[in-house]
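Notes to accompany the following structure.
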Amino acid sequence: MKIVCAVVAMLVAAIASSQSSGNAENGKRLFLRDGCWECHGYAGQGSRDGARIASTALNAQGLIRYVRRPSGAMPAYIDKVITDQELTDIWAYLKTLPGPKPVKDIPILDQMKNE
Ligand code: HEC
């Protein structure tokens, strides 16, 4: 009995941690399924229609809050469309994408900075 309890406790802990950190692989799938890419670009790089969200500065909770009640031109997504867990996965995926390059890594911009 004790062993069963220990195994159950471990499973619960594993599930809880996978939920809080999100599954980037599944997030990528959802990012494409739910059309986030249509405005934010395939790599979250942003476009005419949506902000850059690759490697977002928001935490998972912040992203969920934003998507439920966006502040501007973005449509809101209710939890019937995307659950909190799915948004956590999308967040984990966005965190795996590279952010903007620093100016010093783009030679022409780096030069202009010194002029
Ligand atoms: C119809 C176009 C459109 C779609 C589809 C869309 N967005 Fe957006 N999103 C925007 C625009 C435009 C903004 C910029 C701010 C605003 O106007 O609300 C934005 C802003 C955001 C921000 C805030 C960025 C920041 O750091 O301030 C997040 C996070 C975000 N979108 C996530 C998502 C996710 C996740 C999805 C898919 C579930 C999605 N968006 C789908 C247009 C869109």
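Can you find, within the stretch 61-103, the residue that is nearest to residue 35 (Cα to Cα) among those that are of a type in the set (Ser, Thr, Tyr) and over 10 Å from the mean Cα position of the chain (by Cα)?
Result: 77.
In the stretch 29-44, which residue that is without any contact (Cβ under 8 Å) to a residue 40 or more places away in the chain and closer than 21 Å to residue 101 by Cα is surrounded by the most Cβ atoms within 10 Å (Cβ to Cβ)?
In this case the residue turns out to be 40.
Yes or no, residue by residue, for (1) at pLDDT 95 or above; (2) part of a helix (DSSP H, G or I); (3) surrounded by 18 or more Cβ atoms within 10 Å (Cβ to Cβ):
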residue: 61; (1), (2), (3): yes, yes, no
residue: 72; (1), (2), (3): no, no, no
residue: 86; (1), (2), (3): yes, yes, yes
residue: 99; (1), (2), (3): no, no, no
residue: 113; (1), (2), (3): no, yes, no
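Could you list all residues from the stretch 76-111 that are more than 23 Å from residue 24 (Cα to Cα) and not β-branched (Val, Ile, Thr)?
102, 104, 105, 107, 109, 110, 111
Counting only residues that are in contact (Cβ under 8 Å) with a residue 40 or more places away in the chain and over 20 Å from residue 41 (Cβ atoms), which one in the stretch 54-104 is farthest from the ligand (Cβ to nearest atom)?
Step by step, filter the stretch 54-104, then rank; the result is 85.
The values are calculated or read from the model by the stated rules, or taken from the named source; none is laboratory data. Note that the structure is predicted; figures quoted are calculated from it, not measured. Neighbour counts run over all protein chains shown; Cβ positions are idealised from the backbone, glycine included.
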